[in-house]
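The values are calculated or read from the model by the stated rules, or taken from the named source; none is laboratory data. Not measured: the values here are computed from a predicted model. For neighbour counting, all protein chains shown are included, and Cβ atoms are generated from backbone atoms with ideal geometry for every residue, glycine included. Ligands, DNA and RNA are excluded from the accessible area calculation, which covers all protein heavy atoms including side chains. Shrake-Rupley method; radii C 1.70, N 1.55, O 1.52, S 1.80 Å.
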Amino acid sequence: MSADFLAAPHIEAIPVVTPFIGPEQLMREGGHASLLRLGANESAFGPSPKAIQAMAAELPHLSWYGDPESYDLRCALAVRHACAVENLCVGSGIDDLMGLAVRAFMSPGSVALTTRGTYPTFGFHVTGFGGKLETVPYRADGTVDPDALIARAAQLRPAIVYVANPDNPSGTLLPEDEVARLFEALPRESLLLLDEAYADFVAGMERGAQPIDSRLLRMRTFSKAYGMAGARIGYAISAPRNVVTFQKIRLHYGVNRNAQIGALASLADEAFHRHVVTEVAQGREDYYSLARSTGSGYLQSHTNFVCMDFGSNERATAVMNALLAHGVFVRKPAAPPLDGFVRVSVGSPAERLEFAGRLRAVLGELAA
Ligand SMILES: *Cc1c(COP(=O)(O)O)cnc(C)c1O
């Protein structure tokens, strides 16, 4: 037998991990016929009925590639964000677009900086590309720490600083003036990548896209408030120069044609969008009440999920595992100071009620 053929050294050096254990795998392994699906911040409210209709009507044309320029969608997005079509690049979700950012603005061996324990996909792109990911901790209250990022960036001069805002898994928001202060204080050679996957849930932030600067990349998605996670579509807002840069390296047929159609129809359905945002706000309130009535702390969230505090990593892990045994899929942050929390996506009203019952049962069992 010949020796194993090896991947590139920087890939061989990466440990084999399954960063997102999906509910499908949990069902296979645990023998569950179904799970209460509150672990991946999917929308409980689905895509807009108008989007479903538009996509269904176009399904027979799935033999066609999508428009490689996503032109109609970019025109609608330009109206929504009061920017130019040239400021927009559509990709198959933020996860895809972050890979473009890494390939465009990093070189093998260069450094990127983020918060330890934040949304991990950016980091996977960095290490997979042969870059080095450096981190600073959250503040004790679970918010992103701009001062720590600024201080570390001054030492490291990173190619990219990544901030999810609102943040996942904490759900916390860095106010606009703090983001502006961070942007101004970073070294001129550092690009600020703002992952705004949850911006649609923040009043005043849904449309905002200012400033548009070539040192700044904002990313948005149809996966969360628009309920189209499985369709895989998102976009970047930046200076035209960066959109042209992405044009050099992106997959020109990487965006699902049906997703383009659904996204465009979703944007036109403002009433449905408002309905989802209102429902999600109510769902957060329900979870805060549930946390208070079960004696748990929680973080004020600006997203479609809430982080509940169970006091320690051990107890949060026990709660998460017991919930799974009761047929509930949730996740928990791995890194301090959030490792004592469990993250629960806002479900439909019926799912929230179901979750409340199962959480109470689990806490009762753990107390016994
Ligand atoms: C869900 C999520 C994403 C993924 O977005 P896609 O457009 O589905 O790739 C990216 N960033 C954060 C912070 C998220 O929570």
The alpha-carbon center of segment 330-346 and that of segment 226-292 are separated, in whole Å, by 23
log10 I(q)/I(0) for segment 233-368, Debye formula on C-alpha points only (no solvent), q = 0.09, 0.17 Å⁻¹, two decimals, reads -0.41, -0.93
Segment 112-175 accessible area per residue, 1.4 Å probe, protein heavy atoms, integer Å², reads 32
Taking only C-alpha positions in segment 35-159, Rg and Dmax in angstrom work out to 19.1, 55
GNM on the chain, Cα springs under 10 Å; top mean-square fluctuation among V16, V328, V163 goes to V16
Expected max-MSF residue from H273, H61, H81 in the GNM of the chain (alpha carbon, under 10 Å) is H61
Only helices counted: for the chain, with every DSSP H run of 4 or more residues adding -39500 (n - 2.57) and the sum spread over all residues, [θ] at 222 nm is -12500 deg cm²/dmol
Note: I52 to R188 extended length (0.36 nm per residue) minus current alpha-carbon separation gives 44.5 nm
Here the Cα Rg-to-2.2 N^0.38 Å ratio for segment 6-54 is 1.83
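Set the Förster radius R0 to 56 Å, insert the Cβ-Cβ distance between Y71 and R28 as r into 1/(1 + (r/R0)^6), and round the FRET efficiency to 0.05. Display every interim value, and only then the final one.
On the way: r = 41 Å, r/R0 = 0.73.
The formula returns an efficiency of 0.85 here.
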Candidates A151, A322, A229; GNM for the chain (alpha-carbon contacts under 10 Å) flags as most fluctuating A151
quick note, the chain, DSSP beta bridge pairs, % antiparallel (nearest 5) is 45
Distance in nm between N321 and D339 label points, each 7 Å along Cα→Cβ, equals 1.5
Here the FRET efficiency for I21 versus W64, based on Cβ atoms and R0 = 22 Å and rounded to 0.05, is 0.05
Computed curve, segment 49-269, Cα-only Debye sum without solvent term, log₁₀ I(q)/I(0) at 0.11, 0.12, 0.17 Å⁻¹, is -0.52, -0.61, -1.20
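Given a Förster radius of 41 Å and the C-beta distance between Q247 and L366 as r, what FRET efficiency does 1/(1 + (r/R0)^6) yield to the nearest 0.05?
Details: r = 54 Å, r/R0 = 1.31.
The computed FRET efficiency comes out at 0.15.
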Rounded to a whole %, the carbon-and-sulfur portion of the accessible area of the chain at a 1.4 Å probe is 57
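Given a cut-off of under 8 Å on Cα pairs at least six residues apart, what relative contact order in percent is computed for the chain?
Details: 671 pairs, mean separation 84.6, N = 368.
Result for the chain is 23 percent.
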